[in-house]
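Read-outs: derived from the displayed coordinates by stated rules, not from any lab. Remember, it's a predicted structure, so these values are computed and weren't measured experimentally. All Cβ positions, glycine included, derive from the backbone under ideal geometry; neighbour counts span all protein chains shown.
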Amino acid sequence: MVLIVLVAAAGMIIGFSSPVLAITGQCVNCHTMHNSQDGASVAETYDFSTGTINPSATPLAQLLNADCVACHAGGASETEDTNSFGAPIVLHTTNPNGQGYQATLAGGDFYWVGNALGDDDATGHNVAGVSDPDTNILPLNTPPGWDPVATPGANDDGQIAGGASPSWPADQQLTCAGLYGCHGNHADADPFAAIKGAHHGNTGLTETSAVLADTIGNSYRFLSGIRGLENREWNWNETSATHNEYRGRAGNPNYQNKVTISYSCAQCHGFFHSDIGTQSPWLRHPTDVVLPASGEYNDYNPDNGGVYSIEAPVARVTNVSSSSDVVTPGVDTVMCLSCHRAHGSPEPDILRWTYADMQAGTGTDDTGCFTCHTTKNAD
């Protein structure tokens, strides 16, 4: 249940993507002392039933001007990587008409799963405040592949759902952060408290690598303990040479390494990672496994000269300080985000392409699955 990348409401700041290491600017950009100005409420919340951002008479935690979703939503006139607050948009209130380059940010978009917008449970994570808990197709209390022993992570800051076994508490919806969320400290049940101070300690607002990842603020996208390199536009104008760089590992059974982006997903979907079978045949599609330097895999992304594919990206096994279009089979790895988006996509299972279009033996383009499985189509 990655992600992504849904950060919390304190991101409302002019110059969000400017070359600084932490939030700067006037406190009023993010905070209100009494939730009152000229007789009106200052705080805003997102209403998933109408798809609108509305004033809130109830003050928000940390004296914030907006909740997570309200801060990171954008309307028809806000189609760039950031909204009028300067915060990255993870929920468009109008159809992005696609995913990826100049349509959504790296994590995709919650548009398709939002109740008043798309309301398709298969197209995004069902986060509280984004989608209606009463309309979800799948049970709320058991993430697919749930393994209660997958956490705590590298910073030992709590277990998702408290390590509940065999499932989450009944009717507990996924949250942006905290005990039941992806971001922040998993020991905190309050999503706001779970990322408290993270924006002020953020070291990922520029082309800065999350090398230490020993606090929430210096972890990749506030995913505690996760390493990576964050693109300053969150992949809005992604190219083969300009993009996020994700941390991977050459083999990671049973969560031996807890700093990879795939481990972040494994904290909720652990059984998809802990037992993938031996080298061949696979029981599940591997993650944190090296892209082989032989056979079809050695010809990665052949239609584009073997450069990094923004449709089917790979992860790196070491910290990097800049993004690159070079992919090295035998070194670079397959990850969860090679196939999926973190927040949402217009495709079932939050895929990065239309799975039904992947026709073995008949295709002529090495896209989607065939970016790696280059001999499986007709070419």
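Here are the numbers for this structure:
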item	result
Cβ-based exposure ranking for Met358, Met33, Met335, in which fewest neighbours within 10 Å come first	Met33, Met358, Met335
In Hz, Karplus ³J(HN,Hα) per residue of region 32-43 (6.51, -1.76, 1.60; θ = phi - 60°; x = Gly, Pro)	10, 6, 10, 6, 8, 8, 6, x, 10, 5, 9, 5
Calculated from backbone phi, Karplus (6.51, -1.76, 1.60) coupling profile of region 297-307 in Hz, x at Gly/Pro	6, 5, 10, 3, 6, x, 5, 10, x, x, 7
Amide H partners (placed H, <5 Å) of Leu174, local residues excluded	Ala128
Likely footprinting exposure, Leu63, Leu291, fewest C-beta neighbours within 10 Å first	Leu63, Leu291
Total formal charge among the other residues, if their Cβ is under 13 angstrom from that of Gly74, Lys/Arg +1 and Asp/Glu -1	-4
Alpha-carbon centroid distance for the pair region 302-337 / region 61-127, whole angstrom	26 Å
Antiparallel DSSP beta bridges within the chain, as percent of all bridges there, nearest 5	65 percent
Long-range amide H partners of Thr52 with built H, under 5 Å	Asp47
Residues with amide H under 5 Å from that of Ala66, placed H, sequence gap 5 or more	Glu44
Which of Phe110, Asn54, Leu179, positive extreme of dipole for region 39-181 (C-beta unit charges)	Leu179
Residue-wise HN-Hα coupling along region 368-375, computed from phi with Karplus coefficients 6.51, -1.76, 1.60 (Hz; x: Gly, Pro)	x, 4, 7, 5, 9, 8, 6, 9
Magnitude of the charge dipole, the chain, Cβ model with Lys/Arg +1 and Asp/Glu -1, debye to 20	880 debye
Asp171, Asp120 arranged by Cβ crowding within 10 Å, fewest neighbours leading	Asp171, Asp120
Net charge, Thr123 excluded, C-beta distance under 13 Å - Lys, Arg +1, Asp, Glu -1	-4
Stretch gain in nm, segment Thr239-Asp214, where the contour uses 0.36 nm per residue and the Cα spacing is subtracted	6.0 nm
Structure-based [θ]222 nm, the chain - -39500 (n - 2.57) summed over DSSP H runs of at least 4, per residue, nearest 500	-500 deg cm²/dmol
